[in-house]
Amino acid sequence: MMNIDTNKDQNWTIEARAPIFDLKLKEIWAYRDLLVLMVRRDFVSFYKQTILGPLWFFIQPLFTTVIFTFVFGNLAGISTDGLPKPLFYMAGITAWNYFADCLNKTSTVFRDNAGIFGKVYFPRLIMPLSIVASNLIRFGVQMFLFLILMAYYYFSGANFSVSWAIMLFPFVVILMALLGLGAGMIISAMTTKYRDLAFLIGFGVQLLMYATTVIYPLSEAIKKYPDYAWIIEYNPMTPIIETFRYGFLGEGSFSWDGFGYAIVVTLALLAFGIVVFNKVERNFVDTV
């Protein structure tokens, strides 16, 4: 049962014209039990009627890594900066999956929860935050799989090494979560009026992956396609994934300028996402 403190310090006034940049942090903290329940619901409901259940956490990245290794590594012969191909692709897939899951699921939060939003009041930001938190469980499982693969190649004598940038790993995870959260809230707000976006977001995110350094290193893109490499460089997920690889594998085009750019873009999208989300939540029930 959810326990909500009803002290006088936690009495709120629900207004239609509340500040659009109000994060309602006190309310979110008071409804933290609801946040935990939402995380549990997302985890249980997604795998409740599946045969393999949470094993899909392992199966999906493994199959994707095998396919990428065969198609892009062997057939296409794309360079992996001297790293073992499965390890290179697993690093990109692990990071990308967390961002993509946060973006995909947050982008439909209004549509998927219209029934609840129209009947019960609670801080609406609870929903997208629960999505980010529940996806963090899946990310943790896939990170464990990635570390196992790292250990295998390390004891097999593969040429890679952990670098000092591994200390940036917590910030990398936060950036992936906030970037997916901010972009997802913007799209979710837009889909309340423009339903077509819901159909575009699915394959749009898949296409965006090819403009990110998941299946090739940034150095290879700059070398072979210097006229178009700027598209990849200005993708905020590129420096995030490059930092991830550089930290764990010692290879990647890491730079403080690129990492700082990713931080600025992430914070800008998050701020704009919160503003749009808070504005739309007031009357979205009339349009969904």
- [ ] Would you mind getting the Kirkwood hydrodynamic radius of segment 192-288 from its Cα pairs, rounded to one decimal in Å?
- [x] 15.6 Å
Task: Contour excess over end-to-end distance, with Cα ends at S79 and I174 and 0.36 nm allotted per residue - done: 31.3 nm
- [ ] Take each of the peptides 209-215, 270-276, 95-101, 142-148, average the number of other beta-carbon atoms within 10 Å over its residues, and list them starting from the highest.
- [x] 95-101, 209-215, 270-276, 142-148
Task: Net charge contributed by nearby residues that have their C-beta within less than 15 Å of T243 (K/R +1, D/E -1) - done: -4
Task: Sequence ranges 154-166, 56-68, ranked by mean other-Cβ count within 10 angstrom, highest first - done: 56-68, 154-166
Task: Order by protection proxy (mean Cβ within 10 Å, highest first), peptides 130-138, 216-224 - done: 130-138, 216-224
- [ ] State, in angstrom, two size descriptors of segment 114-196 derived from its alpha carbons: Rg to one decimal place and Dmax to the nearest whole number.
- [x] 18.7, 59
TODO: Kindly give the semi-axes, whole Å and largest first, of the ellipsoid equivalent to segment 23-286, taking each as the square root of 5 times a Cα gyration tensor eigenvalue.
DONE: 33, 21, 17
- [ ] Could you please report the charge total around I186, scoring K, R as +1 and D, E as -1 over all other residues with beta-carbon less than 15 angstrom from its beta-carbon?
- [x] +4
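All of the numbers you see were taken from the coordinates with simple rules; none came from a lab. Predicted, not measured: the structure shown is a model, and the values here were computed from it. Cβ: placed from backbone, ideal geometry, glycine included. Neighbour counts: every protein chain shown.
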